[in-house]
1. Out of the residues in the range 84-106 meeting the condition of being surrounded by 14 or more Cβ atoms within 10 Å (Cβ to Cβ) and within 19 Å of A16 (Cα to Cα), tell me which one is modelled with the lowest pLDDT.
2. How about the range 48-72: which of its residues are surrounded by fewer than 19 Cβ atoms within 10 Å (Cβ to Cβ) and either touching a residue at least 60 places away in the same chain (Cβ under 8 Å) or not in a helix (DSSP H, G or I) (or both)?
3. Assuming V35 fulfils every condition listed in (1) free of Cβ contacts under 8 Å to residues at least 24 places away in the same chain; (2) touching an Asp or Glu at 6+ places or on another chain (Cβ under 8 Å) apart from one, which condition is it?
Amino acid sequence: MNVFHMAVEGQPLPLAALMAAPKRRLRHATERNRVKRLMREAYRLNRHALRDVCAEAGVQVALAFVHIGKADPDHRAVTESMRNALARLAELYQPAIDKKRNDGIE
């Protein structure tokens with residue numbers, strides 16, 4: 001799964017997500033819809049850590065998750081991939097919180 005992210009302004013929520021499953025990789029619409037449904041469910045179950053980090057940092061982030069595998073994945077694989085991606089993003093935005101805390105102290 002590829003993940004693209006961009007900090008944005010003027011967004012009411014800390015996170016906005018887009019799920020994509022390219023037609024080039026998954027020919028049938030039912031396969032693409034199933035993959036996107038699995039990705040949405042995995043995101044819904046695991047977004048809390050990144051949402052909390054972004055809310056505390058005061059950062060709004062737009063996310064795009066793109067399925068890159070050729071095979072039709074199972075729920076466990078998608079959930080694990082999503083969990084890893086969201087953990088990496090939370091680590092990436094963690095310095096913004098640290099900077100905000102340090103600016104408030106000094």
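1. Restricting to residues being surrounded by 14 or more Cβ atoms within 10 Å (Cβ to Cβ) and within 19 Å of A16 (Cα to Cα), the top hit is A96.
2. G58, V59, Q60, A62, A64, V66, I68, G69, K70, A71, D72
3. Unmet condition: (1).
The values are calculated or read from the model by the stated rules, or taken from the named source; none is laboratory data. Because the structure is a prediction, the values reported are computed rather than measured. Neighbour counts are summed over all protein chains in view; Cβ atoms, including those assigned to glycine, are modelled from backbone coordinates with ideal geometry.
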